[in-house]
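A.B. asks: Before anything else, here's the structure in question.
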Amino acid sequence: QVQLVESGGGLVQDGGSLRLSCAASGRTFSTYAMGWFRQAPGKEREFVAAINRSGGTTYYADSVKDRGTISRDNSKSTVYLHMSSLKPEDTAVYYCAAAILGGTLVNTRAYDYWGQGTQVTVSS
């Protein structure tokens, strides 16, 4: 079992930045990959970024590739998502997720555990 708790969301102005955190507990953190997804009202959950177990490989959606950075601190069992140049279309609930067996990390089906989500609202 893995428990995930996101934090760091809130209201940000257009062009601003923020850092989301996701603290994990349960299974040894360094043994699984992590991802960030987001879901806007009326839309499907979409991939944002992912990182492998060691932190050496990262993946990004085209929509955030030049504005987002995913990282992890295995000593703190925490994964981060830093996003800059935020736009109103980035407004969504952001979820972190754990992929125990790995797989295609851009796909929600690769993930076994999900956090409760944190709201990010970008005002224009």
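The values are calculated or read from the model by the stated rules, or taken from the named source; none is laboratory data. Since the model is a prediction, treat every value here as computed from it, not as a measurement. All Cβ positions, even for glycine, are placed from backbone atoms using ideal geometry, and neighbour counts span all protein chains on display. The protein model used for the area step is the full one, side chains on, heavy atoms only, and it has no ligands, DNA or RNA in it. Shrake-Rupley method; radii C 1.70, N 1.55, O 1.52, S 1.80 Å.
A.B. asks: All but one of (1) buried (at least 16 other Cβ atoms within 10 Å of the Cβ); (2) without any contact (Cβ under 8 Å) to a residue 40 or more places away in the chain; (3) assigned to a loop (DSSP other than H, G, I, E, B) hold for Ala49; which doesn't?
C.D. replies: (3)
A.B. asks: Just for the range 106-124: of the residues that are of a type in the set (A, V, I, L, M, F, W, C) and open to solvent by 20 Å² or more (accessible area, probe 1.4 Å), which one is farthest from Val2 (Cα to Cα)? Please lay out each step first, then the result.
C.D. replies: Filtering the range 106-124 for residues of a type in the set (A, V, I, L, M, F, W, C) gives 106, 110, 114, 120, 122.
Subset that is open to solvent by 20 Å² or more (accessible area, probe 1.4 Å): 106, 114.
On the way: Val106: 20, Trp114: 9 Å.
It comes out as Val106.
A.B. asks: Separate question: Answer yes or no as to whether Asp90 is of a type in the set (Asp, Glu) and open to solvent by less than 60 Å² (accessible area, probe 1.4 Å). Please lay out each step first, then the result.
C.D. replies: Details: of a type in the set (Asp, Glu): yes; open to solvent by less than 60 Å² (accessible area, probe 1.4 Å): yes.
Judged against the criteria, Asp90 is a match.
A.B. asks: Can I ask one more? Tell me, which residue of the range 1-35 that is open to solvent by 70 Å² or more (accessible area, probe 1.4 Å) and not charged (D, E, K, R) is nearest to Ile70 (Cα to Cα)? Talk me through it step by step, then tell me what you get.
C.D. replies: Looking only at the range 1-35, we keep the residues that are open to solvent by 70 Å² or more (accessible area, probe 1.4 Å), and these are 1, 3, 5, 11, 13-14, 19, 27-28.
Checking the rest, the ones that are also not charged (D, E, K, R) come to 1, 3, 5, 11, 13, 28.
Details: Gln1: 23, Gln3: 19, Val5: 16, Leu11: 20, Gln13: 21, Thr28: 19 Å.
Residue satisfying both the conditions and the ranking: Val5.
A.B. asks: Let me ask you something else. Is it the case, given these coordinates, that Phe37 is in a strand (DSSP E or B) and in contact with a Gly (Cβ under 8 Å, 6 or more places away or on another chain)? Full working, then the answer.
C.D. replies: Values: in a strand (DSSP E or B): yes; in contact with a Gly (Cβ under 8 Å, 6 or more places away or on another chain): no.
Criteria not met by Phe37.
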